[in-house]
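Taking it in order: structure first as structure tokens, then the write-up.
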Amino acid sequence: MLKEVIANKENYQPGLSTDCVIFGFHDNQLKVLLIKTKYSEDWALPGGFVRVDESIDEGAVNVLQRRTGLKGIFLRQFATFGKVNRNPIAFSQKVVNFFGIPKEEALWYQRRFVTIGYYALVDFLQAVPQPEGNSEVVEWIDINCIPSLILDHKEIFDKALETLRMELNLVPVGYNLLPEKFTIPQLQKLYETILGRKLDRRNFLRKITSIGILNKLDEKKSNVAHKAPNLYSFDKERYKTVLNNGLHQGW
């Protein structure tokens, strides 16, 4: 697809792109969706150029749908990245050479690009990583095992994770990352994984229940070795209200 984009520059806004940090939670690990192409040894965040007939937000939404197959994803713009040298000529020339694109067609691609960063929270089990063509691989990677990334994508990822951690104090996040039914230990592990530190069990339970976004179900988790914990779900209406009004506590 990138080859077609570069060759059809009239459809895209020069100098503007979006990059998306897509988080998922699975097996007690916070993961991020990354792309490996054949024209670079490094991995990359999913991203794309903004079409002239779409808003920046619409461009990011389209990237997410193409890469995960999901709609209605929790998506938040978090920063703009515009260093003068963030798109080194050596890198863009490597891409152009790989696809065999004529120099005249590729001039716009080799110039300076400002990118808008978004982070997204998705249900790992529902998302289906989707490569574009046979020249790339798309995989979930543990955030503690991030490989070398192209351009300034490590800076973008770090800023997204920092923003997510700060916003844990402002908005609830579990609805977007956990299955429909979950246990309190699962929810606590999610918060601990994002924050990168342990939380006191009783304090966490007190704080999370005081928000009023949980429904305790008349079910227990099955297939466990010890005493089966209760299952919970999110009160969607209350969750939406808290999401709009914000939280006023820290973890």
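The values are calculated or read from the model by the stated rules, or taken from the named source; none is laboratory data. No experiment lies behind these values; they were computed from the predicted model shown. Positions of Cβ are backbone-derived with ideal geometry, glycine not excepted, and every protein chain shown enters the neighbour counts. Side chains included, ligands, DNA and RNA excluded: accessible areas come from the protein's heavy atoms. Shrake-Rupley method; radii C 1.70, N 1.55, O 1.52, S 1.80 Å.
Applying 1/(1 + (r/R0)^6) with R0 = 45 Å to the Cβ-Cβ distance of K181 and D158, what FRET efficiency is obtained, to the nearest 0.05?
On the way: r = 33 Å, r/R0 = 0.73.
Given R0 = 45 Å and the Cβ-Cβ separation, E is 0.85.
In whole percent, how big is the carbon plus sulfur part of the accessible area of the chain, probe 1.4 Å, protein atoms only? Don't skip to the end; give the middle numbers.
Numbers: 6380 of 13130 Å².
That fraction is 49 percent.
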## Note on the structure
Any aspartates and glutamates whose Cα falls less than 17 Å from that of K207, other than same-chain ones fewer than 8 residues away, would be E167, E192, D235
### Message
Relative contact order for the chain: what percent, with Cα pairs under 8 Å and sequence separation of 6 or more?
### Response
23 percent
### Task
Go through (1) 0.92; (2) 1.00; (3) 1.03 and flag the label whose value is the computed Rg/Rh (Cα atoms, Kirkwood Rh) for this structure.
(3)
## Note on the structure
If the chain between S135 and E4 were fully extended at 0.36 nm per residue, the gain over the current Cα-Cα distance would be 45.8 nm
#### Entry: Per residue value of the accessible surface for the chain (all protein chains in place, 1.4 Å probe), Å²
52 Å²
### Message
Taking the Cα of Y39, stepping 7 Å toward and past its beta carbon, and measuring to each backbone N in region 129-151: which are under 12 Å?
### Response
135-136
